[in-house]
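Read through the structure below, which is laid out as structure tokens, and then see the notes.
The values are calculated or read from the model by the stated rules, or taken from the named source; none is laboratory data. The shown structure was predicted, so the numbers you read here are calculated from the model rather than taken from an experiment. We place every Cβ from the backbone using ideal geometry, glycine too, and count neighbours over all the protein chains shown. Heads up: the accessible areas ignore ligands, DNA and RNA and are worked out on the full protein's heavy atoms, side chains in. Shrake-Rupley method; radii C 1.70, N 1.55, O 1.52, S 1.80 Å.
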Amino acid sequence: MKQQRRKEMNAMALGMLGRVALSGLLDAMLLWGFARAGVVRPEIALLYAMVVVLVNGVYYLLIRSGVNRRYKDPGLTFAQVVTALLLQTCFLILAPQVGYLFLINFFVIYGFGVLGLSTFWYVVSWLIGSLALVLAFSVAGAHLSFPVASNFSQLLVCLSFILTLGRCIYLTNMLSRMQRKIMEKNQQLVLAMKRVQELATRDELTNIENRRSLMEILAVEQKRFQRGGTPFCIAILDLDGFKAVNDNFGHAAGDLVLKTFVEIVRNEMRLSDHFARYGGDEFVLVLTGTTVQEGVTALDRICAETEMYDWSKFGKDIVLTASIGITDFRPGESIDEAFQRADMALYGAKAAGRNRVMISPDTFEASDGGTTIRAF
Ligand SMILES: Nc1nc2c(ncn2[C@@H]2O[C@H](COP(=O)(O)OP(=O)(O)OP(=O)(O)O)[C@@H](O)[C@H]2O)c(=O)[nH]1
């Protein structure tokens, strides 16, 4: 993965270098034109072309050999920008008759810098460029001119502006494409993060909360209870004889049964309740702001709906019921303690013949004198 990313970065850096070299050679051709027009000596155009080839050749070797990997910016943008600024400054001094050409190149160079420089290095390169300009103007300022004496040199000046505008537009376009790509990637990242979060908190088969998420919900409810005494109950729901569905009709039928049971419960629960799959055919309902007595009413309905449901569509003669154990959460206790009580109640419901809701035995001991409630 890292190797692949490195390869991509190198390919990008080399691609950019190719464009920089092409841009330099275009300038060399313009200089050649100015030499033909008698504005500069031909050696200037030749020297410019040679320096462009040499400098870009060195950067090519640095990138190909992997030396660039030692730096945070593998495109060596800062070094390239400074080299280009110094190159333009030197030629501004050497050929002030076409000084405008090197001066407008400063804009192209900084446009290129936007693609890879951080604000700090951008400012540093701007300071270097400014110093170079001060130097160039102090040495050759008096000789700077705009070569428009002949029609041919006017044409060349016009062409150089057209080419510079083209390069600026190209860079701006490249920047906006990069920005669009980044935005697209960000959107993909947000979706991927959402999916990861979903996978971490949702049960994949039934799309309700999973065990991990349930524990977080219970911790929140416990805190709320401790702060304001808002009552809540924990109910553990288990299908009776579910294993037989798997054994007789296959895992796929079993999955459909689990999904259907989830729908039955969802239809009966309140929006403020939390429903989670604890594992296998065991589910947990956290009934918020509810007393045990109120909770039992809803759970009775779930038992009745489960029993009445036509399960035979998933396999001939399937009859399913649910057993449920419920308890309230009590002051000073841990989630584990409450959970164990609900589990004992569920065990009691199974032992008492299944298809029923059972309240944890000591619930009414505290208030009512110990009662269990049977659903039917
Ligand atoms: N189809 C399906 N089956 C599952 C899944 N997870 C667990 N199981 C099966 O669910 C069954 C649960 O076993 P038990 O709790 O003994 O099933 P039971 O027949 O309902 O037993 P009682 O609760 O005593 O009535 C096992 O056969 C598991 O293989 C699942 O995601 N899909």
Round to the nearest 0.05 the FRET efficiency obtained for PHE107 and GLU43 when R0 = 30 Å and r is the Cβ-Cβ distance.
0.65
Two-site FRET efficiency, LEU25 against GLU204, from Cβ-Cβ distance with R₀ of 56 Å, rounded to 0.05
0.45
Measuring from its Cα centre, the chain shows a charge dipole (+1 at each Lys and Arg Cβ, -1 at each Asp and Glu Cβ) which, in debye to the nearest 20, is 2600 debye
Which value, to two decimals, describes the C-alpha radius of gyration of the chain once divided by 2.2 N^0.38 Å?
1.84
Mean separation of Cα contacts under 8 Å (6+ apart) over length of the chain, as relative contact order %:
11 percent
Using the membrane-span-like helix rule (whole DSSP H runs, Cα extent along the own axis of at least 15 Å, mean Kyte-Doolittle hydropathy at least 0.0), which helices of the chain qualify?
2-36, 42-64, 77-94, 99-114, 119-140, 151-201, 251-268, 292-308
Taking R0 as 25 Å, what FRET efficiency do you get between ARG195 and ALA11 from their Cβ-Cβ distance, rounded to the nearest 0.05?
0.25
Please work out the C-alpha center-to-center distance from the range 252-272 to the range 129-189 and express it in whole Å.
66 Å
Restricting to lysines 8 or more places apart or on different chains, can you count the pairs in the range 211-359 with Cα atoms under 26 Å from each other?
9
Average accessible area per residue (Å²) across the range 1-193 - probe 1.4 Å, nucleic acids and ligands excluded:
61 Å²
Of TRP126, TRP311, TRP32, ordered by accessible area with the largest first and a 1.4 Å probe, the sequence is TRP126, TRP32, TRP311
Antiparallel %, DSSP beta bridges [both residues in the chain], to 5:
85 percent
What's log10 of I(q)/I(0) for the range 146-243 at q = 0.10, 0.16, 0.24 Å⁻¹, Debye sum over Cα points only, no solvent?
-0.61, -0.91, -1.17
Residue farthest toward the positive end of the dipole of the chain, with Cβ of Lys/Arg at +1 and Asp/Glu at -1: which of ILE326, SER23, ILE93?
ILE93
Using only the heavy atoms of the protein chains and a 1.4 Å probe, how would TYR60, TYR347, TYR100 rank by accessible area, largest first?
TYR347, TYR60, TYR100
How much accessible area per residue does the range 211-359 have, in Å², with a 1.4 Å probe?
46 Å²
Points 7 angstrom from Cα along the Cβ direction at LYS223 and MET178: gap in nanometres?
4.2 nm
With no solvent and one point per C-alpha, what does the Debye sum give as log10 I(q)/I(0) for the range 1-42 at q = 0.28, 0.30, 0.31 Å⁻¹?
-0.84, -0.88, -0.91
Taking all protein chains together and a probe of 1.4 Å, list THR321, THR230 from the most accessible to the least accessible.
THR230, THR321
Label-point separation, ALA351 to GLN293 (7 Å along Cα→Cβ), nm:
2.7 nm
Tell me the mean residue ellipticity at 222 nm calculated for the chain from its helices only (DSSP H runs of n ≥ 4, each -39500 (n - 2.57), averaged over every residue, nearest 500).
-23000 deg cm²/dmol
